[in-house]
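The values are calculated or read from the model by the stated rules, or taken from the named source; none is laboratory data. Here the structure is a predicted model, which means the values were calculated and not measured. Cβ coordinates were reconstructed from backbone atoms using ideal geometry, including for glycine residues, and neighbour counts include every protein chain displayed.
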Amino acid sequence: MGSLLLPREDANGLDLCHWHKSRPRIRRDGGWTAGVGASYRVLRFRLSDTGPVSNGVGQESGVPVFLRVTRNFTDQMALHLYGGGVAGGKLRVENSSGNKLREKDFDPPLFGTTFIGRF
C-alpha cells in the first residue's frame, strides 16, 4: 500500500492517490486505486458580438473537488470514475469596457468517466 501527492496534469492543483500492492502486468489484487483532488480554476472568454452583452467577457471561477476511483485491468487498460462538486463557484459577466454587469454563485455536481487503452 502507498500514497502519493501529485500535481494535476490538467489544472493548477493536487491529486492525492492511494494504491494497493504493486502493478503486475495482469492484475491479481483487484487493480483498484483511489484519489482525491482539487484545483482552483478561472476561465475567461469573449462573448459573441451579437448576444445580449455584445463583445463582453464571461468568467467562470471555482474550486472543483473530486474523488477518483480507477480500475486497472492491465498496465495498458484502465477505467477512471470521477465524482465531486465545485466549491465557491461564480459566474461573472462584464461589458466590453470591463465593468461588471452580473455575478451569480453556482455549485454544480461533477461526474465523469474515462477509459484508457494503450496499444
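If only residues of the range 95-119 that are more than 30 Å from Thr74 (Cα to Cα) and among the charged types (D, E, K, R) are counted, the one that is farthest from the chain's Cα centre (by Cα) is Lys100. Only residues that are touching a residue at least 24 places away in the same chain (Cβ under 8 Å), out of contact with any Phe, Trp or Tyr (no Cβ under 9 Å at 6 or more places or on another chain), in a strand (DSSP E or B) and of a type in the set (A, V, I, L, M, F, W, C) were counted in the range 36-67, giving 1.
For the condition loosely packed, with under 15 Cβ neighbours inside 10 Å, under 28 Å from Ile116 (Cβ atoms) and touching an Asp or Glu at 6+ places or on another chain (Cβ under 9 Å), Leu43 qualifies.
Among the residues of the range 80-102, those that are surrounded by 12 or more Cβ atoms within 10 Å (Cβ to Cβ) and among the charged types (D, E, K, R) comprise Lys90, Arg92, Glu94.
Going by the conditions given, is Ala11 of a type outside the set (Val, Ile, Thr), at pLDDT below 55 and either surrounded by 11 or more Cβ atoms within 10 Å (Cβ to Cβ) or assigned to a strand (DSSP E or B) (or both)? Answer is yes for this residue. Being part of a loop (DSSP other than H, G, I, E, B) and out of contact with any helix residue (DSSP H, G or I) (no Cβ under 7 Å at 6 or more places or on another chain) narrows it down to one residue among Gly112, Gly89, Gly83, Gly98; which is it? Answer to the check: Gly98.
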